[in-house]
Amino acid sequence: MSSAQDARAFVKELRRRKKFAKATHNTWAVLLPDGPLKNDDGESGAGMVILRMLEREGLTGHIIVVTRWFGGVKLGGDRFRRVQDAVRVYLDEV
């Protein structure tokens, strides 16, 4: 990823896939040369959690999307822990 346009195009293409189109939330963030970019997609604060983790790692140009489907149980504050867990899986592989 090198621009905001690239990031938005990536997420738009991802949402064209049936599985992701039906998701409750597709939150994402990316560090770009022009600055950070994030989107909560209705999951208030989740994009910032992703962004902070990217900043700590100093990882630019990598877009991380955390997708969640509502399964009938409200996670409350645990939703941030789940977002962190998902991001950590990615960061451990890079």
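The values are calculated or read from the model by the stated rules, or taken from the named source; none is laboratory data. Quantities reported herein were computed from a predicted structural model and do not represent experimental measurements. Just so you know, the surface numbers come from the protein's heavy atoms only, side chains and all, with ligands and any DNA or RNA stripped out. Shrake-Rupley method; radii C 1.70, N 1.55, O 1.52, S 1.80 Å.
What to note about this one:
- Here's how it looks for His62: its modeled amide H is under 5 Å from those of Leu31, which are all 5 or more places away or on a different chain.
- Along its first, second and third principal axes, ordered by size, the range 41-94 spans 35, 20, 16 Å in Cα coordinates.
- Relative contact order (%) - the chain, alpha-carbon pairs under 8 angstrom, separation at least six: 28 percent
- Taking every protein chain into account, the 1.4 Å probe leaves Asp78 with about 60 Å² of accessible area, to the nearest ten.
- Cα gyration tensor category, rounded, prolate or oblate, for the range 17-62 with a/c compared to 1.5: prolate
- Between Met48 and Phe20, residue separation times 0.36 nm minus the direct Cα-Cα distance comes to 8.0 nm.
- Applied to the range 79-94, the Karplus parametrisation 6.51 cos²θ - 1.76 cosθ + 1.60 on θ = phi - 60° returns per-residue 3J(HN,Hα) values of 4, 5, 5, 5, 4, 4, 4, 5, 5, 4, 4, 5, 4, 5, 8, 7 Hz, with x for Gly and Pro.
- Accessible surface of Lys19 - all protein chains present, 1.4 Å probe, nearest 10 Å²: 130 Å²
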